[in-house]
1. Filter region 145-193 down to residues that are farther than 23 Å from residue 78 by Cα and among the aromatic types (Phe, Trp, Tyr) and give me whichever is modelled with the highest pLDDT.
2. Sort out which residues of region 197-233 are without any contact (Cβ under 8 Å) to a residue 60 or more places away in the chain, of a type in the set (A, V, I, L, M) and either closer than 30 Å to residue 80 by Cβ or assigned to a helix (DSSP H, G or I) (or both), and write them in order of number.
3. How about region 60-93: which of its residues are more than 25 Å from residue 183 (Cα to Cα), in contact (Cβ under 8 Å) with a residue 12 or more places away in the chain and not basic (Lys, Arg)?
4. Those residues that are within 10 Å of residue 30 (Cβ to Cβ), touching a residue at least 60 places away in the same chain (Cβ under 8 Å) and in contact with a helix residue (DSSP H, G or I) (Cβ under 9 Å, 6 or more places away or on another chain), I need them from region 94-103; list them, please.
5. Name every residue in region 5-19 that is farther than 20 Å from residue 82 by Cα, surrounded by fewer than 17 Cβ atoms within 10 Å (Cβ to Cβ) and not aliphatic (A, V, I, L, M), in order of residue number.
6. Are any residues in region 137-196 part of a loop (DSSP other than H, G, I, E, B) and within 18 Å of the chain's Cα centre (by Cα), and if so, which ones?
7. Please enumerate the residues belonging to region 117-144 that are at pLDDT 80 or above and under 21 Å from residue 99 (Cβ atoms).
8. Would you mind stating whether residue 42 is touching a residue at least 12 places away in the same chain (Cβ under 8 Å) and touching a helix residue (DSSP H, G or I) at 6+ places or on another chain (Cβ under 7 Å)?
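The values are calculated or read from the model by the stated rules, or taken from the named source; none is laboratory data. Keep in mind that this is a model prediction, so the values were computed, not measured. Don't worry about glycine lacking a Cβ; one is built from the backbone with ideal geometry, like all the others, and counts go over all protein chains shown.
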Amino acid sequence: MPLAPLDLLSVRDYGASHGSHDHGHFQILVGLSGVLELEVAGRGQRIGAGDGCVVPPGERHDFEGQGATRCLVLDSHDPAWARALTTPPPGVQALAHYLADAVTRQLPRARRLGSSLLLEAWTPQAFATNTAPERPRREIDWAGLHGWLQTRWHLPLSVAELAAQVHLSASQFSARCITEQGESPMQWQRRQRLAQARAWRASGLSVADTARRAGYRSPSALTAALRRDSARD
């Protein structure tokens, strides 16, 4: 039986040179210093000191440092990261600096446990003990949620905003989305967005107008996203 891939915790420096790639695992970034300009699936964000993000498997991302930029980077195959919040909660920054120091000094125990510590700090609800009786689950109206998205394709909606529409917490909605749709909330939203973009293109809408309506930063970003999505199909 093959061994499960190991998580890799590292400290990486980013310069002004532009980079772009994707991979088959989660990548978690926490800013230590400087500013990293990141674009995931056509949506941009800035990661400064204490900021962070979770890049899902298969999502191509472009990155470029503004000056000298350093980040703690975790490459993880743990599916629990699909339930992580979009941005890290308070407390993660201090842990990230400790883990970065541990990686630099090659402290074996911290490096071995760092992946689990970062996940627990980022997603504390996944580790909470709940002794209360389990309540009947509220059914998710996926068609209704899709209808709510119809006038919001251009907005950078978070997991919490999607969850609020079906009266669930972000962690509950993430777990239900994985169970019922087979993908994370961001992957589900991206699939709906690209399906709508294809429909607009089929109706004769230009690439530029489609990119604007679908919330992509440029026509080329939309075209690349559609091409990658078709390749996965």
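1. 148
2. Taking region 197-233 as the starting set, the residues that turn out to be without any contact (Cβ under 8 Å) to a residue 60 or more places away in the chain are 197-210, 212, 219-220, 223, 226-227, 229-231, 233.
Remaining after also requiring of a type in the set (A, V, I, L, M): 197, 199, 202, 205, 207-208, 226, 231.
Result: 197, 199, 202, 207, 208, 226, 231.
3. Hits for region 60-93 are 64, 65, 66, 67, 68, 69, 71, 72, 91, 92, 93.
4. If the condition is that a residue be within 10 Å of residue 30 (Cβ to Cβ), touching a residue at least 60 places away in the same chain (Cβ under 8 Å) and in contact with a helix residue (DSSP H, G or I) (Cβ under 9 Å, 6 or more places away or on another chain), then 96, 99 are the ones that fit.
5. 10, 12, 13, 15, 17, 18, 19, listed by residue number.
6. Within region 137-196, 153, 154, 155, 156, 157, 158, 169, 182, 183, 184 qualify.
7. 117, 118, 119, 120, 121, 122
8. Criteria met by residue 42.
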